[in-house]
Amino acid sequence: YTIVFCICSFLTYGNTCGPSEYKSADEECCPMCNVGSVVYRHCTGDFSTTCIPCAPGTFMSQPNGLDKCFPCKHCAESQGLYIQSKCTRIQNTICDVLDGYYCIDYSDSQCRHAEKHRVCKRGQETKTSGTKTSDTECVHCAPGFYSPSGLNCTKWTDCAARNGIKVEDGSPVKDVRCVQKRKRYCLVALCPPVICAAVIAALYRRAHSEAQTVNNGEWIQFFFKLN
């Protein structure tokens, strides 16, 4: 039993590589390559692992026994993304969401695809502005308010408060239409001084002429009474 236990222990130990080793195709426990590099030639009994650095456009972010680096991620503007941090040999590209967009697809704690924020329509206003993780929330204007551009709802104009008359009702997309009340002015106040003087003189002459005519008529009646 002791011999069998020793043989099993040897086989188990031989099949297990250390934490910084990997098992090659030849069943050798070879030293791993460092971050930013991959295996060029596996180790042999006399030689250690030969590593090469990752080529531009590829990366390796952990010690490994692989023979190929991973391709760098692309941040496409058509997907609402931009490059926050460029790809290096030891780190993948870090993408972030463009302004005016929000993420709809996450993977490995990074956004893979984003869409534009909703634009509120006429007759609506923005209740909650969009963020990088949520879309814009729109609400309809309350009765008596309007929004021609979809940004903010504004109360209809109070025509009476502005000494006006409402001639057209408002709607969710436009304000009421008011016109100013006509103001009445005294005739004298509207007349230029020269015209006013001429009018007053004409009225005076007419009144004087009528008074003289009346006086002449009274004298004629008195004369006939005497006869």
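Just to be sure, is Gly65 small (Gly, Ala, Ser), buried (at least 18 other Cβ atoms within 10 Å of the Cβ) and over 30 Å from Thr131 (Cα atoms)? Explain how you work it out, then say what you get.
Details: small (Gly, Ala, Ser): yes; buried (at least 18 other Cβ atoms within 10 Å of the Cβ): yes; over 30 Å from Thr131 (Cα atoms): yes.
The answer is yes for Gly65.
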- Taking only the range 143-170 into account, find how many residues are surrounded by 15 or more Cβ atoms within 10 Å (Cβ to Cβ) and either over 25 Å from the mean Cα position of the chain (by Cα) or farther than 17 Å from Lys121 by Cα (or both). 6
- Note on the structure: Within the range 171-191, of all residues that are out of contact with any Ser or Thr (no Cβ under 8 Å at 6 or more places or on another chain) and modelled with pLDDT of 90 or more, the one surrounded by the fewest Cβ atoms within 10 Å (Cβ to Cβ) is Val179
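May I ask you to verify whether Ser48 is loosely packed, with under 12 Cβ neighbours inside 10 Å, small (Gly, Ala, Ser) and under 18 Å from Ala25 (Cα atoms)? Spell out the reasoning first.
Working: loosely packed, with under 12 Cβ neighbours inside 10 Å: yes; small (Gly, Ala, Ser): yes; under 18 Å from Ala25 (Cα atoms): yes.
Yes, satisfied.
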- Within the range 97-109, tally of residues that are assigned to a strand (DSSP E or B) and surrounded by fewer than 18 Cβ atoms within 10 Å (Cβ to Cβ): 4
- Item | Failed item, numbered, when Arg89 is tested on (1) in contact with a Lys or Arg (Cβ under 9 Å, 6 or more places away or on another chain); (2) surrounded by 16 or more Cβ atoms within 10 Å (Cβ to Cβ); (3) charged (D, E, K, R) | (1)
- Return the residue satisfying two criteria in turn: it lies in the range 116-131 and is surrounded by fewer than 16 Cβ atoms within 10 Å (Cβ to Cβ) and either in contact (Cβ under 8 Å) with a residue 24 or more places away in the chain or in contact with a strand residue (DSSP E or B) (Cβ under 7 Å, 6 or more places away or on another chain) (or both), and of such residues it is farthest from Ile104 (Cα to Cα). Arg122
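Could you tell me whether any residue of the range 156-178 is acidic (Asp, Glu), assigned to a loop (DSSP other than H, G, I, E, B) and closer than 30 Å to Val35 by Cα?
Going through the range 156-178, the residues acidic (Asp, Glu) turn out to be 158, 168-169, 175.
Keeping just the survivors that are assigned to a loop (DSSP other than H, G, I, E, B) gives 158, 169, 175.
Then keep just the ones that are closer than 30 Å to Val35 by Cα; that gives none.
No, the conditions are met nowhere in the range 156-178.
Regarding Gly36, is this residue modelled with pLDDT of 95 or more, in contact with a Pro (Cβ under 8 Å, 6 or more places away or on another chain) and on the phi > 0 side of the Ramachandran plot?
Details: modelled with pLDDT of 95 or more: yes; in contact with a Pro (Cβ under 8 Å, 6 or more places away or on another chain): yes; on the phi > 0 side of the Ramachandran plot: yes.
Against the criterion (modelled with pLDDT of 95 or more, in contact with a Pro (Cβ under 8 Å, 6 or more places away or on another chain) and on the phi > 0 side of the Ramachandran plot), Gly36 qualifies.
The values are calculated or read from the model by the stated rules, or taken from the named source; none is laboratory data. Because the structure is predicted, anything quoted here is derived from the model rather than measured. Glycine gets a Cβ as well: all are built from the backbone with ideal geometry, and neighbour counts include every protein chain shown.
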